[in-house]
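Asks: Here it is: the structure, laid out below.
The values are calculated or read from the model by the stated rules, or taken from the named source; none is laboratory data. Given the structure is predicted, the values throughout are model-derived calculations rather than measurements. Here the Cβ positions follow ideal geometry from the backbone for every residue, glycine too, while neighbour counts run over all protein chains shown.
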Amino acid sequence: MPDPVVVVGGGIAGIQAATDLAEMGIPVYLIEKSPSLGGRMAQLDKTFPTNDCSTCILAPKITSCYNHENVTTYTMTELINVEGEPGNFRVRLKKRPRYVDEEKCTGCGDCLDKCPVSISDEYNMGMSEYGAIHKYQPQAVPNVAAIDASECLKINEDKCGVCEKICNFDAIEYKQKEKKFVVQAASIIYAAGYEGFSGDLVSDYGYKKHPNVVTSLEYERILNAAGPTDGHVIRQTDGEEVENIAFIHCSGSRDRRTDKNYCSSVCCTYSIKHALITKEHIKDVNVDLYYMDIRTFGKGFERYYNRAQETEGVNFIRSRVSEIEPGSNPGDLKLKATDDDNGYCEQEYDMVVLASGLEPTQQVTDSLQKLKVRTNKYGFVDMDEFNPLSTSRPGIFGCGVVNGPRDIPESVMDASGAAALAGQHAVLDVKDMGVEAAGDQEFRVTQNERTRVGVFVCHCGTNIAGVIDVEEVKEKAAGIPFVEHAEDVKYLCSSDSQDLIGERIKEHNLNRIVVASCTPRTHEPLFMDAIAEAGLNPYLLEMTNIRDQGSWVHKEEPEKATWKAFELIRAGVARVKNALPLERGEVDNIARALVVGGGAAGLNAARELANLGFPVSLVEREEELGGHATSLKHSLEGRPVKPHLDRLIAEVKGHELIDIYAGHEIKDITGFVGNYKLELIPPVPKEVRSDKDLVEIEGGVVIVATGGQEFEPLEYSYQDSEQVITQLELEEELSSENQSLVRDDCEEIYMIQCVGSREEDRPYCSRICCSQALRNAVHIKENHPDKDITILYREMRSYGYYEDLYRKARDLGINFSRYEVDNKPEVSRKGDELTLKYEEPLSGKMITAKPDLLVLAAAILPREDNLTLSQMLKTPLNEDQFFLEAHVKLRPVDSATDGIFLAGLAHGPKNLSETLAQSRAAAGRAASILSKEYLLTQATVAEVDEELCIACGDCERVCAYKAIEVNEEENVAEVNRVLCKGCGNCTGVCRPHAVDLNGFLNQQIIDEIETLLAKDDSEFAKTGGV
Amino acid sequence: MNKDFKQTIKNRPGGENLSLCYSCGSCTATCPVSEQVEDFNPRLIIKKSLLGFSEEVLSGEEIWQCIQCRRCVSACPQNVRFADIVRVLRELAVEEGHFAEDLEERLDDYDKEVLRYRLEILEEVLAGDKDFEDFSLKAGGD
């Protein structure tokens, strides 16, 4: 067993890191200081740029992390200190008392309404109240209550005690004490998250003075259906629906006065999200966004911005708001700003949202310092751009916003990358790790038995029984055909109820089970385990949700709710009666990674995987390794790239676990996760090459790190003048010994940004060009102060700490002017003389210049052969021809195809440091698969009846996972059980009904529907039947 | 265009931070003069200075409209200090002969007089004898 890793912080970053490590077979202690996992992301309403419901995409990740056999979660726990060294840390922890026994509490919620005390609800940002005993959030994981000791009457004054009396599980423990304990760890991942800026950070905005000025995190809760206003956008002062709302970007960010000159990187895009969601809530609302530069630099964000610009009633105003004053009506707000590029202007609004930035909590900064981890001047982890995710202390890694402002996908990338690094200290024994095998448990043979269904109806305390007449439902259910036994239970989820189900199965020889309770999303695994324990195949279970879809939504109509519960059970019985026992299958997994591309991304991914102990085959089409990074002179922080690249190449070349195939072209790729095969063309001249020379390599995963390419501009005289070059060519110029362009008589240099980016036929931001131009301009200006440098830009996108570089550039006297996309600068050439004309928007003046050198920030393009590669890999590209990730938010390095991971420019524009971080993430994600000796298939997969199949290929066409294909030789469709996700697309289109989905057989679903539609003769005491 | 104009301003006390401006407009948005006079726009004066339109900036009357309340200084997220830059511009305008040497001094004197008048009015209003309307300058003009 490898040594454990401690992960501090149970937000999305910590959860991802813990899950990746656990999947590698490494035990994890997950430490969270609040009573529930989920972190900030759990407070968000929707996520950009897809407007996905945040909780809906996060909750399954939390649950699977929390339930993972290798993860031990400690909530309400903080780190005190760390002693020792990498491989052998002793981590001292402190668990605050919850005053509720986590083992006994079932989260039923009976106690919650009974508490006489009201305190401010932290989860809702203090905008609503809950009891001294409360659940931190409705979807808390663990689903356990907690008592706030400072407010509890019993703990403070020995009065009340009502929660103890009400609790049916004896879970209340007023006498709990703080516990201190020590765990041993090989390494530590620090993912403690961030704080939103306090609303009063910019005092001119009068946050506390004006109640209708709220912060962005508060606004997330206001938008949320489970929030303090039930999702209605209404004012705190008078409950009136908002008609006119303003968003103020950079509320505290990019501001020297607040000591936060950095850009918080996420606020522009989340404000656009707020604008669009507000429009969804209130059709006629007017939304004004006040911004300085719109920084939608992430993948897909520029399209999101364009969408907002095209939305009627959403207006972008280029102005910083100087202050907020009371408006002419009570509660209204007057904003003082400028009229875009013109002069003074004031506007009134019903509500104002401050786009507050991200900062580390003081507690985070302090504990980092206690850990002897170096922090930067803003209190974030000080990070080496060539060694991202590592901190100054060996064995401790950072991920998420502790590393600096970043969004969710970047935090998730950080997490998988940190897992790859932390895992290297845990001393994996590759042969002995994470072996997952299908359980060898033998189940009772039920095929030839008479169908005997057991129905269990849950009261869920008063949650269900308070509305639905559970006993009547039970009695009626006992009369349904095939039902052998029906029983109602107070709490089916408690552990003695699990035993009870087992006993009843044996007692009555039950062979199908219906559980009528809550949602299968959280509880199905529990009941599957319970019946498996009793020797019954776990797929002979059906759950019906009579709580969420019954008692909760039909509170006002108990009779009808009772009737509906019965109907749902009747349908459940009809469905489960023909259920078949299912088993998961096993597929061999080749413990070798295939890395395609020998640039910085591929090299780094290969190194990390080899350091984890996995063999790697690295394929590079060029003879030399290094890719684009070889032409970079200095990093964005101004440090030379070459020494680091040389060291990386040397490490990879010298690593005994890495085989390098330089100069090899890929001919074909076949296979699927666990079993990929690459066919390579070696560097043998065509004339003498034969098929025998082809090389075949096999591996369990593929990492795509094939890079991108620079756009070749057709405008600005690039094609016909040597004085017009790209930023990458400028880098090469600056790194060459004898500079031929930046010489003494070159007095005036102009740079033009967004050349080929953010245009109609290429509507994405190339992300790195602004910071690259700033870096190059600063470099030149520092060495030649007399040169006059002007940067013409559309939006200055110096996100994160690059804002400091922008300030430095201005301080050095580099000139900046904006241009509009429909009024681009004009460049003409006469002999050696360049003339540049542009209209400066603030002054409206036409400026004419004679630059000696013109540098174009050319777009980053996807490689031309991306399409060929994507077809060979059977994994899709996005609309801009970069490789598409499986999920923009939560699976940023996974491709849509299992076992294929993405890193670097192949995935989208990013700088060198981000590329290195992402390649570490790809290594971490790959390791979570490579560490398994076998891959388990799902039980609920499609199955083809060969007799009926006509090989028409319709199923192949609709399968999103490339899991079903027509075998041309046999003329039948075949299902790949590893790739099939059981979505049922194929069953829907199959005309001869040849393909069916195990666990969701057509017959079962038809039975279920017919039962629901059939006339129901049963009479209910309270005449609920309709 | 006078490319050295930017550096000339930066070399004078008060003008050092000119080029730190990122044109956000906070100065204009907070300026009580801008609120009254549409053409007075501190952000534009800074931009023109950076671009090198020295003649236009120095010969225009805008630089004399500033009342030196320094709200722009506290509103600026980059510490550009427009109120101080304006004083540098006034110096330069006088040096280049666009305005009389004593204009700044006479303007100061006049400001003091306005201030004294304001204090007198305040005293009378607070004493309860009269109200602000009694001193309305608009009324006096009719």
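Asks: Return yes or no: is B:ALA93 more than 14 Å from chain A (Cβ to nearest Cβ), under 12 Å from the mean Cα position of the chain (by Cα), farther than 25 Å from A:PRO785 by Cα and assigned to a helix (DSSP H, G or I)?
Replies: So B:ALA93 fails the test.
Asks: Another one. Among (1) within 33 Å of the chain's Cα centre (by Cα); (2) crowded, with 18+ Cβ neighbours inside 10 Å; (3) not aromatic (Phe, Trp, Tyr), there is one condition A:LEU680 misses while meeting the rest; what is its number?
Replies: Exception for A:LEU680: condition (1).
To keep it simple, each residue is scored yes or no on (1) of a type outside the set (S, T, N, Q); (2) in a loop (DSSP other than H, G, I, E, B); (3) within 22 Å of A:GLY9 (Cα to Cα).
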position	(1), (2), (3)
A:LEU79	yes, no, yes
A:ARG90	yes, no, yes
A:GLU103	yes, yes, yes
A:GLY109	yes, yes, no
A:CYS160	yes, yes, no
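Asks: Among the residues that make up segment A:68-75, is at least one of them in a strand (DSSP E or B) and polar (S, T, N, Q)?
Replies: Yes, segment A:68-75 contains at least one residue that is in a strand (DSSP E or B) and polar (S, T, N, Q).
Asks: Still on this model: Checking the conditions here, which among A:ALA561, A:ALA532, A:ALA571, A:ALA565 is more than 26 Å from A:GLY109 (Cβ to Cβ), of a type outside the set (D, E, K, R), assigned to a helix (DSSP H, G or I) and more than 35 Å from the chain's Cα centre (by Cα)?
Replies: From the options A:ALA561, A:ALA532, A:ALA571, A:ALA565, the qualifying one is A:ALA571.
Asks: Let me ask you something else. Restricting to segment A:755-779, name every residue that is on the phi > 0 side of the Ramachandran plot and in contact with a Leu (Cβ under 9 Å, 6 or more places away or on another chain).
Replies: Within segment A:755-779, just A:GLY756 meets the criteria.
Rundown of residues vs (1) part of a loop (DSSP other than H, G, I, E, B); (2) within 19 Å of A:TYR676 (Cα to Cα); (3) among the aromatic types (Phe, Trp, Tyr); (4) touching a strand residue (DSSP E or B) at 6+ places or on another chain (Cβ under 8 Å), yes/no style:
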residue	(1), (2), (3), (4)
A:ALA917	no, no, no, no
A:SER928	no, yes, no, no
A:LYS932	yes, yes, no, no
A:THR940	yes, no, no, yes
A:ALA951	yes, no, no, yes
A:ARG957	no, no, no, no
A:VAL966	no, no, no, yes
A:GLU969	yes, no, no, no
A:GLU974	no, yes, no, yes
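Asks: A:GLY300 is checked against (1) in contact with an Asp or Glu (Cβ under 8 Å, 6 or more places away or on another chain); (2) more than 14 Å from chain B (Cβ to nearest Cβ); (3) over 18 Å from A:TYR207 (Cα atoms); (4) not β-branched (Val, Ile, Thr) and fails just one. What number does that condition carry?
Replies: (1)
Asks: Right, something else. Answer yes or no: is there a residue in segment A:188-210 that is over 28 Å from A:PRO405 (Cβ atoms) and either surrounded by 22 or more Cβ atoms within 10 Å (Cβ to Cβ) or not assigned by TED's automatic domain parsing to the domain that holds A:ILE119 (or both).
Replies: Checked segment A:188-210: no residue is over 28 Å from A:PRO405 (Cβ atoms) and either surrounded by 22 or more Cβ atoms within 10 Å (Cβ to Cβ) or not assigned by TED's automatic domain parsing to the domain that holds A:ILE119 (or both).
Asks: Exactly one condition in (1) within 10 Å of chain A (Cβ to nearest Cβ); (2) more than 10 Å from the chain's Cα centre (by Cα); (3) in a loop (DSSP other than H, G, I, E, B) is false for B:PRO13; which is it?
Replies: Failed condition: (1).
Asks: Quick check, is A:ALA465 assigned to a helix (DSSP H, G or I), assigned by TED's automatic domain parsing to the domain that holds A:ALA571 and more than 23 Å from A:GLU1008 (Cα to Cα)?
Replies: It is false that A:ALA465 is assigned to a helix (DSSP H, G or I), assigned by TED's automatic domain parsing to the domain that holds A:ALA571 and more than 23 Å from A:GLU1008 (Cα to Cα).
Asks: Across segment B:21-38, what is the number of residues that are without any contact (Cβ under 8 Å) to a residue 40 or more places away in the chain, more than 7 Å from every other protein chain (Cβ to nearest Cβ) and over 19 Å from A:GLU325 (Cα atoms)?
Replies: Qualifying residue count, segment B:21-38: 1.
Asks: Within segment B:1-10, can you find the residues that are facing chain A (nearest Cβ under 9 Å) and closer than 21 Å to B:SER74 by Cα?
Replies: B:LYS10
Asks: Do we find a residue being surrounded by 15 or more Cβ atoms within 10 Å (Cβ to Cβ), among the hydrophobic types (A, V, I, L, M, F, W, C) and touching a Leu at 6+ places or on another chain (Cβ under 9 Å) anywhere in segment A:147-160?
Replies: Yes, the conditions are met somewhere in segment A:147-160.
Asks: Ok, one more. Would you be able to tell me the number of residues in segment B:114-139 that are loosely packed, with under 10 Cβ neighbours inside 10 Å and among the acidic types (Asp, Glu)?
Replies: 2
Asks: Tell me which residues, restricted to segment A:745-780, are of a type in the set (A, V, I, L, M) and either part of a strand (DSSP E or B) or over 25 Å from the mean Cα position of the chain (by Cα) (or both).
Replies: Matches in segment A:745-780: A:ILE749, A:MET751, A:ILE752, A:VAL755, A:ALA773, A:LEU774, A:ALA777, A:VAL778, A:ILE780.
Asks: Working only within segment A:783-806, note down all residues that are within 26 Å of A:GLY844 (Cβ to Cβ), away from every other protein chain (no Cβ under 12 Å) and outside any strand (DSSP E or B).
Replies: Selection gives A:ARG794, A:ARG797.
Asks: Quick check on this structure: which one of B:ALA75, B:ALA100 is of a type in the set (A, V, I, L, M, F, W, C) and facing another protein chain (nearest Cβ under 9 Å)?
Replies: Sole residue among the options that is of a type in the set (A, V, I, L, M, F, W, C) and facing another protein chain (nearest Cβ under 9 Å): B:ALA75.
Residue by residue, here is whether (1) polar (S, T, N, Q); (2) within 14 Å of chain B (Cβ to nearest Cβ); (3) assigned to a loop (DSSP other than H, G, I, E, B) holds:
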site	(1), (2), (3)
A:LYS808	no, yes, no
A:LEU834	no, no, no
A:LYS837	no, yes, no
A:VAL855	no, no, no
A:LEU869	no, no, no
A:THR897	yes, no, yes
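Asks: I'd like to check something: does segment A:628-635 contain any residue that is surrounded by fewer than 23 Cβ atoms within 10 Å (Cβ to Cβ), of a type in the set (Gly, Ala, Ser) and at pLDDT below 95?
Replies: Yes, segment A:628-635 contains at least one residue that is surrounded by fewer than 23 Cβ atoms within 10 Å (Cβ to Cβ), of a type in the set (Gly, Ala, Ser) and at pLDDT below 95.
Asks: Now, a different point. Can you tell me which residue within segment A:109-128, out of those that are of a type in the set (Gly, Ala, Ser) and in contact with an Asp or Glu (Cβ under 9 Å, 6 or more places away or on another chain), is farthest from A:VAL213 (Cα to Cα)?
Replies: Per the criteria, the residue is A:SER118.
Asks: Name, by its number, the condition in (1) touching a strand residue (DSSP E or B) at 6+ places or on another chain (Cβ under 8 Å); (2) assigned to a helix (DSSP H, G or I); (3) closer than 25 Å to A:GLU583 by Cβ that does not hold for A:LEU500.
Replies: Only one criterion in (1) touching a strand residue (DSSP E or B) at 6+ places or on another chain (Cβ under 8 Å); (2) assigned to a helix (DSSP H, G or I); (3) closer than 25 Å to A:GLU583 by Cβ is unmet by A:LEU500, namely (3).
Asks: Determine, yes or no, whether A:LEU728 is closer than 21 Å to A:LEU636 by Cβ, among the aliphatic types (A, V, I, L, M) and under 34 Å from the mean Cα position of the chain (by Cα).
Replies: Judged against the criteria, A:LEU728 is a match.
Asks: Right, next: Is it the case that A:GLU885 is touching a strand residue (DSSP E or B) at 6+ places or on another chain (Cβ under 6 Å) and within 14 Å of chain B (Cβ to nearest Cβ)?
Replies: No.
Asks: From the list A:ALA246, A:ALA275, exactly one residue is within 14 Å of another protein chain (Cβ to nearest Cβ), hydrophobic (A, V, I, L, M, F, W, C) and in contact (Cβ under 8 Å) with a residue 24 or more places away in the chain. Which is it?
Replies: A:ALA246
Asks: Still on this structure, I have one more. Please tell me if A:LYS824 is within 27 Å of B:TYR22 (Cα to Cα), within 14 Å of chain B (Cβ to nearest Cβ), at pLDDT 95 or above and surrounded by fewer than 19 Cβ atoms within 10 Å (Cβ to Cβ).
Replies: no
Asks: Report, by residue number, each residue of segment B:50-61 that is closer than 27 Å to B:ASP109 by Cβ and within 11 Å of chain A (Cβ to nearest Cβ).
Replies: B:VAL57
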